[in-house]
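K.L.:
Here it is: the structure, laid out below.
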Amino acid sequence: MSELVDGSTESAVGPAHIAIIMDGNNRWAKKKHLPSIAGHTAGAAAVRRTVEAAARSGVKVLTLFAFSSENWKRPQVEVDGLMGLFMRSLKKELKRLQAHKIRLRVMGDISGFSEGLQAQIRATEDATKDHDQMTLVIAANYGGRWDIAQAAKSLAEQVASGQLSPEDITEEKLASRIQLADLPEPDLLIRTSGEERISNFMLWQSAYSEFVFLPVLWPDFDQSDFDEAIGIYQNRQRRYGGR
């Protein structure tokens, strides 16, 4: 990155960490007069394309918002379909992750999932834990407010036990308990489908992320859309609070 005369930073290189809100599966299905699960299945194919595009581009961390803590409110048949698709994808994509040396991590409250799905998540994470080409993070049963609340709870427990005093609580201590604390924060956050909000996703981590909102529905997201978002990011001036 290069310094500009006003002290801001121009992103001449690509982002190290990209986070994506994969929106538009249901609208895609409705446009084609298909059930919602068809949109989610098509969305899974877009995930595969995007992981490959990110790996080719040298991205080190790719975080995908797959299932929010609010998504449990959707119709039960859709939730069941999503859980089944998640299980099948974990099993199906393991060989691909291993072949490309991609580590999988799942962030969120996985205790809300079935025992079988929890076991599959742990097995896939364990099988890929030593890979270092790229880290693929799947946000599942995740919410940004939940993330901050569980970090605050962790600090509160230390205060209650006498290990920490309230005066010792800092942004850095809270940040150390936020999900993905060991990884760089997102440089770029993309949302598809034309909606322009972050819907409780990575509220803490995206404090200085660049946001790019694209009109494409997620199942149609491809290399050209990925490249467009990268291009927009590279033309931004990142100030990090400076002038």
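K.L.:
Can you compute the helix-only [θ] at 222 nm over the chain? Use -39500 (n - 2.57) per DSSP H run of at least 4 residues, normalise by all residues, nearest 500 deg cm²/dmol. Please report the intermediate quantities before stating the final value.
P.N.:
Values: 7 runs with 100 residues, N = 243.
Result for the chain, helices only: -13500 deg cm²/dmol.
K.L.:
While we're on this one: Can you sort GLU185, GLU167, GLU78 by solvent-accessible area, 1.4 Å probe, largest first?
P.N.:
Numbers: GLU185 90, GLU167 150, GLU78 15 Å².
The ordering from most to least exposed comes out as GLU167, GLU185, GLU78.
K.L.:
If you restrict to DSSP beta bridges whose two residues both lie in the chain, what percentage is antiparallel, to the nearest 5? Before the final figure, lay out the partial values.
P.N.:
On the way: 4 of 30 bridges.
Looking only at bridges with both residues in the chain, the antiparallel portion is about 15 percent.
K.L.:
Still on this structure, I have one more. Going by a ≥ b ≥ c, the root eigenvalues of the Cα gyration tensor, does segment 68-209 fall in the rounded group (a/c under 1.5), the prolate group (a/b larger than b/c) or the oblate group?
P.N.:
Values: a/c = 1.59, a/b = 1.45, b/c = 1.09.
It comes out prolate by the Cα gyration axes.
K.L.:
Something else about it: For segment 64-77, in order, what is each residue's ³J(HN,Hα) by Karplus, 6.51 cos²θ - 1.76 cosθ + 1.60 with θ = phi - 60°, in whole Hz (x at glycine and Pro)?
P.N.:
The phi angles translate into 10, 7, 8, 7, 8, 5, 7, 5, 4, 6, 6, x, 4, 5 Hz.
K.L.:
Sort 136-143, 54-61, 188-195 for me by packing, meaning the mean count of neighbouring Cβ atoms within 10 Å per residue, highest on top.
P.N.:
Details: 136-143: 23.6, 54-61: 17.8, 188-195: 21.6.
So the order, starting with the most tightly packed, is 136-143, 188-195, 54-61.
K.L.:
How large is ³J(HN,Hα) for each residue in segment 224-230, as worked out from phi by the Karplus curve 6.51 cos²θ - 1.76 cosθ + 1.60 (θ = phi - 60°), to whole Hz, x for Gly and Pro?
P.N.:
In residue order, the calculated couplings are 5, 5, 4, 5, 4, 5, 4 Hz.
K.L.:
Right, here's the next one. Within 10 Å, count the other beta carbons around each residue, average over each peptide in 197-209, 146-158, and list them highest first.
P.N.:
Working: 197-209: 17.4, 146-158: 15.4.
Ranked from most to least packed, the peptides come out as 197-209, 146-158.
K.L.:
Of the listed values (1) 0.94; (2) 0.98; (3) 1.00, identify the label whose number matches Rg/Rh (Cα atoms, Kirkwood Rh) calculated from this model.
P.N.:
Read-out from the structure maps to (2).
K.L.:
Taking the Cα centre of the chain as origin and charging only Cβ (+1 Lys, Arg; -1 Asp, Glu), how large is the dipole, in debye to the nearest 20?
P.N.:
In debye, rounded to 20, the chain gives about 880.
K.L.:
From the backbone phi of segment 89-104, what are the Karplus-calculated ³J(HN,Hα) couplings (6.51 cos²θ - 1.76 cosθ + 1.60, θ = phi - 60°) in whole Hz, Gly and Pro given as x?
P.N.:
Along segment 89-104, the couplings run 5, 4, 5, 5, 8, 4, 4, 5, 4, 5, 4, 9, 6, 9, 8, 9 Hz.
K.L.:
Now a separate question. Past the 20 Å Cα-Cα mark, which pairs from LYS153/LYS173; LYS91/LYS129; LYS60/LYS129; LYS32/LYS73? Intermediate values should be presented prior to the final figure.
P.N.:
Details: LYS153/LYS173 12 Å; LYS91/LYS129 16 Å; LYS60/LYS129 14 Å; LYS32/LYS73 24 Å.
With Cα atoms farther than 20 Å apart: LYS32/LYS73.
The values are calculated or read from the model by the stated rules, or taken from the named source; none is laboratory data. Being a predicted model, the structure only gives us computed values, none of them experimental. Note: ideal-geometry Cβ built from the backbone for every residue, glycine included; neighbour counts use all protein chains shown. With ligands, DNA and RNA removed, areas are computed over all heavy atoms of the protein, side chains included. Shrake-Rupley method; radii C 1.70, N 1.55, O 1.52, S 1.80 Å.
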